[in-house]
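Let me begin by presenting the structure, written as structure tokens, before commenting on it.
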Amino acid sequence: MHVRSPRRKILRVHGFSKGIEVNPEKIEAIIKMQSPNTVKEVQKLAGRIAALNRFISRSSDKGLPFSKVLKKVDGFSWTEQCQAAFEDLKKYLASPPLLTKSRPGETLFLYLTILEGALSAVLIREEGRKHQPIYYVSKILQRLEERYPQIEKLTLALVTAARKLRSYFQSHHVVVLTNHPLKKILADPNVSGRMVKWSIELSEHGIEYQPRPAIKAQPPADFISELTITEDPQKIEWWKLFVDGSYTSLGSG
């Protein structure tokens, strides 16, 4: 007996020339939703967004206000920020996003971006001066991850994309377009333990790193800036070393 998977209803494939579009019914389900009045309704909205993650650029960023509602422990609160994000999401989905399929053996490119509370990536193929998106990846940062230095957040975005899109990283040469020294930092033996772990994990893919201007086409609109927030100035504590001025083979005297 053949059982049809509900997952199949999310995609509609129209051949290589046109691309892959999301099932309009999935989009319509969100567009027709009324503003949530309960946590359960926000959970339903979050679930519908999650089902379309591949098609929504920076989906975690777009859904971050809803995630904050679900994390609240002192009752339900649908804020103006939530309503604005809800309306923006509907506007975005009103023009159904179209993805493309990769061709066997071609080089693919990856853009990364870090926002307040979320990170995102997009895998694209280059056709002349045009970028054709293949897959969007997004993740809401956990509390501990929010405290990572910016360069570690950028690396986490790459690791997240490599895990989610493993089949693409294994069957294609992937070029990460970045203006930050990710390759150099990942090769530094003095970096943090998690960076060493990520470096080992990423090394199996043979990833190439190029500066963003190396590609003819302009970055996708949502990925023009890699780091959209700046690091807070760090307070440096200076140590004072007092010596008595004498020295012997056994140390200071």
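Each reported figure results from applying straightforward, stated rules to the coordinates on display, with no laboratory input. Since we're looking at a predicted model, the values are computed, not measured. All Cβ positions, even for glycine, are placed from backbone atoms using ideal geometry, and neighbour counts span all protein chains on display.
Its convex hull of Cα atoms gives the range 101-221 a direction-averaged projected area, equal to a quarter of the hull surface, of 7.3 nm². Annotation: the residues Thr100, Thr107, sorted from fewest to most other C-beta atoms within 10 Å of their own C-beta, follow the order Thr107, Thr100.
Residue ranges 57-65, 20-28 sort as 57-65, 20-28 when ordered by packing (mean number of other C-beta atoms within 10 Å per residue, highest first).
With Rh defined as the Kirkwood radius, the inverse of the mean 1/r over Cα pairs, the Rg/Rh of the range 6-98 is 1.01.
The alpha-carbon of Lys184 sits under 16 angstrom from the alpha-carbons of these aspartates and glutamates, leaving out residues fewer than 8 places away in its chain: Glu152, Glu201, Glu208. Spin-label pair Leu98-Arg163: with each label point 7 Å from Cα along the Cα-Cβ axis, the two points sit 3.4 nm from one another. For the range 110-162, the share of alpha carbon pairs falling in successive 5 Å distance bins from zero is 5, 21, 30, 18, 12, 8, 4, 2, 0 percent. Exposure proxy for Glu201, Glu80: other Cβ atoms within 10 Å of each Cβ, ordered fewest to most, give Glu80, Glu201. The aspartates and glutamates whose alpha-carbon is closer than 13 Å to the alpha-carbon of Lys91, local same-chain residues fewer than 8 away aside, are Glu28.
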